[in-house]
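Some notes on the structure that comes next.
Values in this text are rule-based calculations from the coordinates and carry no lab data. Quantities reported herein were computed from a predicted structural model and do not represent experimental measurements. Here Cβ is always computed from backbone atoms with ideal geometry, including for glycine, and neighbour counts include all displayed protein chains.
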Amino acid sequence: MSPLIFAYLALASALASGVLALGADRYPGLLRYGSSILLGMCGVFAVFAGAWALIDEAPTTDLLALGLPWLKWHLRLDPLSGFFFAVVGLLVFAISLFAPGYLREYTHPKNRQALAALGLFTGLFVLGMLLVLLADDAFVFMISWELMSVSSYFLVAYQHQHAANRRAAFLYLLMAHIGGLAILLGFGVLAGFGGGFTFGAMRAAELSATWASIAFALAFFGFGMKAGMVPLHAWLPEAHPVAPSHISALMSGVMLKVAIYGLIRVTYDLIGDIQWQWGLVLLIIGSTSTLLGVLYAMLRNNLKRLLAYSSIENVGIILSGLGLSMIFIGTGHKILGVIGLIAALYHVLSHALFKGLLFLGAGAIAHATHEYDLNNLGGLIRRMPQTAVFFLIGAMSISGIPLLNGFVSEWLTFQTALQAPVLASGVLRSIIPVAAAVLALSAALAAACFVKVYGVAFLGQARSRHAARAQEVDVGMRAAMGLLAVLCVLFGIFPSTVISVIDAIPNMLLGAGPPSATAQGWLWLTPISPKVASFSAPLVLLGILIFALISYLLLRKRTVDSRRGPAWDCGFGSLNSRMQYTGTAFSMPIQRIFAPVWDLKEEIEETKNAAQPLHTEGMRHQMQALDRSWSRVYEPIGHLVLVAARRIGMIQTGSIHTYLAYSFFTLILLLWVVT
């Protein structure tokens, strides 16, 4: 018995779920129940396999005769791939609970979709992600990577009757293949020096600093594009919102993390000799992604698009942690580098849980109201109380509130950054505090962003008939959100226990673990040492519970006459939903302060009374906050491509004699090159 047995069962379950769904167009229950049950089994098996690999710590390998005759499939499950395997499994199990209720709408005669395609490509998508994590050679890795990318393309384009969905899917596929080409070239550099395509041969390659930096740059570009880092993020806010909500949870929660896995695998494992300059690049780009991601999210009122931009912010936090880790490792401070790596890995886990929870919450809201626009929601806390509680936990976690998992990973990142004074370079000692300040600002903006989301969507009065008629979603959808919410709380209260399991990864990659982080047991988290910084979530929780109990006992003895009445209307008559703050109004101060970040297009139309010109009958406000990366990066590239295409098109003369001449001279050139 080995963890690979459970990994193979997870792969088989994912494939079987896709195959079973082929009959879902005729029998919808095959998708809602059969495929969902198999996906749930896949998630359970993946969690077992990943946990076993983390606890056992010893890598398990296998060789399958599935590839070319001279290149079989090399598979490996070690603590690093096991950790990501478990993260994927957790979210896959959650969506297996969520999907049956959510997909009920897709079986309605008025909204009937191609259910077989949805189930098939969901199974292949999960299969591709898990295979990427098991790959131990470049051949299997790239096949699995393409399977993951192409299957998710069909999921983004699932509702292809909408032009915006087709555009988003094309952009996603285009950028996925550009990134895949960069990854392939990076593997080519490593294979060229290692003499083989297996990861074992690449580990043994002796690279100069220049070639190692080239391999890192190619991997960083390819994996960073898939992860959605700025400025290669343009596909992410277009693709994630248009996919079905449970697929959006998978794409944002774990597909982005598979890209992070690839970056860690290539940099820490295959290249090995980490340079501090690489870490500086990651830190700068990570900090930029963190700040711009949350600012882009702040001005969005479409809930799924807002969550997609928020994923850019959280990828930036992960990259910042990895950047700090590489800086300290490259300058000879390995233990501090371990803390940075642990912080990044913890945020990988945290983001998968709370972003999966938030996307499932958005799906539940859309299922109940048929709305994603915050300005058409409101008052849902009374109509969907359990969803409101679960969404609140996710919103607090992503905002970095203590006692939740999002706080732990961000706190560890801050603790790593605060060790900058040990560095000899004055430049690094200056840049790292600035990056930490950007992270702190981003955390505050994220809290403001999700105060806006929760306040506008769940509090106040309903802003539309759909919101006023909303009802709580079914038990399966609530169970999925409840599971992720409970894990957000548990991983926030017992971080030392989680880190004691995760430390198998730095032990494998760097030959060292965090010596002090869990030295005080499950009660205290001391990343550097107890004298430098410590945090005890269980004791904080105990203090809160004691305070709440004392407050309850004191207040219970008082008898206060009270009555419930309507809210004060300031003398203007009965309150209505039009008097409430909108999402646009809430974010207006942030918009004014950071106006240069966006390309703002604002229009205000005032309607006057024809008989009384001084009397205003109505006002209409419209604002667009466009991403400057389109006009600064992508549109110029697109223009150059079109110009080059027109120039190249000039060789198409329509003359057969010209084409024969092209073929002749090409043949002569190839013969000369070959000989």
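Points to keep in mind about this one:
- Residues TRP73, TRP630, TRP235, sorted so that the one with the fewest Cβ neighbours within 10 Å comes first: TRP630, TRP73, TRP235
- Mean Cα-pair separation over length for the range 1-211, i.e. relative contact order, pairs under 8 Å, 6 or more apart, %: 20 percent
- Magnitude of the charge dipole for the chain, about its Cα centre and with charges confined to Cβ atoms of Lys, Arg (+1) and Asp, Glu (-1), is about 1580 debye.
- The sum of -39500 (n - 2.57) across all DSSP H runs of n ≥ 4, divided by the residue count of the chain, sets its helix-only mean residue ellipticity at 222 nm to -21500 deg cm²/dmol.
- Proximal lysines relative to LYS452, as straight alpha-carbon distance under 23 Å, when same-chain residues fewer than 8 apart are discounted: LYS304, LYS355, LYS601
- Cα-based radius of gyration for the range 55-97, normalised by 2.2 N^0.38 Å, reads 1.53.
- Gyration tensor (alpha-carbon) shape descriptor, the range 358-477, a/c threshold 1.5: prolate
- Global form of the range 115-166, assessed from the alpha-carbon gyration tensor, a/c cut-off 1.5: prolate
- Distance from the range 645-675 to the range 519-559 (C-alpha centre basis), Å: 76 Å
- Recomputing Rg/Rh (Cα atoms, Kirkwood Rh) from the coordinates shown identifies the correct label among (i) 1.00; (ii) 1.03; (iii) 1.45 as (i).
- Considering only trypsin sites (Lys or Arg not before Pro) in DSSP loops that have at most 10 other Cβ atoms within 10 Å, the longest stretch of the chain without any of them is 27-530.
- Under-5 Å amide H pairs with ALA512, H placed in peptide plane, nonlocal only: ASN507
- Over the chain, Cα pairs under 8 Å with separation of 6+ residues give a relative contact order of 11 percent.
- Protection proxy ranking, highest mean first, for peptides 127-133, 634-640: 127-133, 634-640, where packing is the per-residue count of other beta-carbon atoms within 10 Å, averaged.
- Going from the fewest other Cβ atoms within 10 Å to the most, the residues VAL597, VAL451, VAL242, VAL126 appear in the order VAL451, VAL597, VAL242, VAL126.
- Cβ crowding within 10 Å, taken as a proxy for footprinting-reagent exposure, orders LEU124, LEU15, LEU423 from fewest neighbours to most as LEU15, LEU423, LEU124.
- Whether the range 1-211 is rounded, prolate or oblate, judged on the alpha carbon gyration tensor where a/c under 1.5 counts as rounded: oblate
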